[in-house]
1. Identify the single condition in (1) modelled with pLDDT of 90 or more; (2) touching a strand residue (DSSP E or B) at 6+ places or on another chain (Cβ under 7 Å) that Ala23 does not satisfy, given that it satisfies every other one.
2. Please indicate, with yes or no, whether at least one residue in region 139-159 is closer than 24 Å to Gly35 by Cα, of a type in the set (A, V, I, L, M) and in contact with a helix residue (DSSP H, G or I) (Cβ under 8 Å, 6 or more places away or on another chain).
3. Report, by residue number, each residue of region 169-183 that is of a type outside the set (Gly, Ala, Ser) and either surrounded by fewer than 16 Cβ atoms within 10 Å (Cβ to Cβ) or farther than 13 Å from Asp204 by Cα (or both).
4. Test Ile94 against the criterion of being more than 23 Å from Arg31 (Cβ to Cβ) and within 14 Å of the ligand (Cβ to nearest atom), and give yes or no.
5. Restricted to region 25-54, and to residues that are in a helix (DSSP H, G or I) and hydroxyl-bearing (Ser, Thr, Tyr), which residue is farthest from the ligand (Cβ to nearest atom)?
6. Restricting region 55-77 to residues that are within 11 Å of the ligand (Cβ to nearest atom) and touching a residue at least 60 places away in the same chain (Cβ under 8 Å), which is farthest from Ser105 (Cα to Cα)?
7. Could you tell me whether region 161-175 includes any residue that is assigned to a loop (DSSP other than H, G, I, E, B) and basic (Lys, Arg)?
8. For the structure I just gave you, tell me whether Ala156 is under 16 Å from Thr214 (Cβ atoms), of a type in the set (A, V, I, L, M, F, W, C) and within 16 Å of the ligand (Cβ to nearest atom).
Amino acid sequence: MRFLFALLMFTVCTWAQASGNSAPDVNKDYRTKEGRAGVAKRLANPDRDQTQKPEAIVAALQLKPGMTVADIGTGVGYMLPFLSKAVGPSGRVIAEDIQTDFLESAKARIAAAQLTNVTAVLGSETDPNLPSGAVDVAMILDAYHHMEQPAKVLAALGRGLKKDGRLVLVEFHKADRPEHLRFDQAELIHEVESNGFRLLAKVDRITASQYLVTFGKK
Ligand SMILES: C[S@@+](CC[C@H](N)C(=O)[O-])C[C@H]1O[C@@H](n2cnc3c(N)ncnc32)[C@H](O)[C@@H]1O
């Protein structure tokens with residue numbers, strides 16, 4: 001009996017470590033080129049300007065001209081024109097993702113809109129490859145729940161952010177997307193706070209189905 005209990009605990013712990021923060025099927029579409037093409041189409045849908053509220057998100061980031069902002073998990077770069085404008089020509093936008101095909105689309109968007117202050121960066125599952133201690137604000141929009149090793153990403157973000165830098169996450173409420181998310185807001189805050197950050201502010205409905213949480217470094 002004791003052996004069976006130990007085996008059960010081992011299986012649960014191994015599964016939890018392997019799947020990290022992401023729900024079992026959340027990255028299914030990301031594993032093939034065709035799947036990612038479908039995701040890319042959704043991310044670039046012009047209807048998003050109404051539902052995603054990019055201006056409200058940028059306002060909550062409290063960006064100033066000259067700042068460096070990182071869009072972690074930029075996808076096809078939907079937010080880049082808004083971020084680029086907010087930090088201005090003296091500022092810098094780092095557009096990071098782990099998928100090269102998404103990053104190529106983001107680069108095309110950067111070139112087409114002549115966003116001269118935006119640089120595309122290829123990251124890994126565990127590290128967005130930010131310059132050390134150089135980032136004022138790191139934003140993760142609709143991407144944290146796709147990260148399979150969030151603790152390692154959070155550690156890397158802590159290294160990339162300036163001492164007074166901020167980490168801002170925009171996530172769906174679990175009640176609105178029960179099949180998509182494992183974590184609700186309280187659990188997410190607990191996880192981020194357990195990995196080197198402290199909660200500074202939150203907006204419960206930045207869009208109809210998403211909240212925004214802002215953290216500083218501990
Ligand atoms: C739903 S998309 C959101 C894209 C973009 N933030 C947007 O709102 O348009 C999720 C993104 O997270 C990226 N992603 C998944 N795991 C990641 C990781 N460990 N580091 C950085 N990006 C990651 C995916 O490649 C994908 O581009």
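1. Just one mismatch for Ala23, condition (1).
2. Within region 139-159, one or more residues are closer than 24 Å to Gly35 by Cα, of a type in the set (A, V, I, L, M) and in contact with a helix residue (DSSP H, G or I) (Cβ under 8 Å, 6 or more places away or on another chain).
3. Residues satisfying the conditions are Asp176, Arg177, Pro178, Glu179, His180, Leu181, Arg182, Phe183.
4. Yes; evaluated as a whole, the condition is true for this residue.
5. Looking at the filtered set, the residue picked out is Thr51.
6. Looking at the filtered set, the residue picked out is Ile57.
7. Looking through region 161-175, at least one residue is assigned to a loop (DSSP other than H, G, I, E, B) and basic (Lys, Arg).
8. Considered against the rule, which asks whether it is under 16 Å from Thr214 (Cβ atoms), of a type in the set (A, V, I, L, M, F, W, C) and within 16 Å of the ligand (Cβ to nearest atom), Ala156 comes out as no.
The values are calculated or read from the model by the stated rules, or taken from the named source; none is laboratory data. Given the structure is predicted, the values throughout are model-derived calculations rather than measurements. Note: ideal-geometry Cβ built from the backbone for every residue, glycine included; neighbour counts use all protein chains shown.
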